[in-house]
């Protein structure tokens, strides 16, 4: 009889589980899954050093590499400030040694912000380009150390 009672009890418990859902109500809720993916970029330009020169009658050249590193493949451009001279078309180091930045070693376009005849390098994703610097020939020579501070601004 005990075996019969145990089986009957198990059967009743199982039936109660199914019977409990017969009158149950349901509800649901929707939700959104999202992500915002944003390109992240940095720019780095190495210093440009003309070294030591003995006269400024000739053109002196120097260069550096600008590197743009991006997490995605979006477009970018790099603008170059006028430096301390406030004139992108006629930069000078400490107002004494005239020079400029160019897209090529010879006959390149002046690097700037895209205004006043200057150009901005452009690209997609990560990349690098060369920044060329040239002094202006025929300048008076005054002993000293001269410098200028240029800001490269990356827009992406």
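The values are calculated or read from the model by the stated rules, or taken from the named source; none is laboratory data. What you see is a predicted model, and the numbers here were worked out from it, not measured in a lab. A quick note on method: Cβ atoms are made from the backbone with ideal geometry, for glycine too, and the neighbour counts reach across all protein chains shown.
Give the number of residues within region 69-92 that are assigned to a loop (DSSP other than H, G, I, E, B) and either touching a strand residue (DSSP E or B) at 6+ places or on another chain (Cβ under 8 Å) or closer than 26 Å to residue 126 by Cα (or both).
9
Would you pick out the residues in region 114-150 that are under 15 Å from residue 43 (Cα atoms) and out of contact with any helix residue (DSSP H, G or I) (no Cβ under 8 Å at 6 or more places or on another chain)?
Of everything in region 114-150, those that are under 15 Å from residue 43 (Cα atoms) and out of contact with any helix residue (DSSP H, G or I) (no Cβ under 8 Å at 6 or more places or on another chain) turn out to be 120, 121, 122, 123, 124, 125, 126, 127, 128, 129, 130, 131.
Pairs needed: first member in region 130-156, on the phi < 0 side of the Ramachandran plot and at pLDDT below 95; second member anywhere, in a loop (DSSP other than H, G, I, E, B) and surrounded by 15 or more Cβ atoms within 10 Å (Cβ to Cβ); C-beta distance under 8 Å; at least 6 residues apart or different chains.
Taking only residues 6 or more apart or on different chains, the pairs are 140/56; 141/56.
From the list 23, 108, 95, exactly one residue is in contact with a strand residue (DSSP E or B) (Cβ under 6 Å, 6 or more places away or on another chain), assigned to a loop (DSSP other than H, G, I, E, B) and at pLDDT below 95. Which is it?
108
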